[in-house]
């Protein structure tokens, strides 16, 4: 499992994303490939009630190696 931290404000962690690469699957073939995997986004409430965050959409890019982007994932609306 891979974990990514997201910060907001003064370097405070507002969310953690876990990617379970063992549950990666794909289908579709060369003309229209699909890649699926399970993500878990854990949101952490802010320490002060004056800060509010809203997640409206999710987008991703897929890299084969550093600097070698192979695809852009379709953005997904969360609202």
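The numbers here are math on the coordinates, done by the rules we state, and not lab data. Just so it is clear, the structure is predicted and the values come from calculations on it, not from any experiment. When we count neighbours, we look across all protein chains shown, and the Cβ atoms used for this are built from the backbone with ideal geometry, even at glycine.
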Extension length gain for residue 57 and residue 19 (0.36 nm per residue less Cα distance), in nm, is 11.9 nm
Ordering of 64-71, 35-42 by burial proxy (mean other Cβ atoms within 10 Å per residue, highest first)
35-42, 64-71
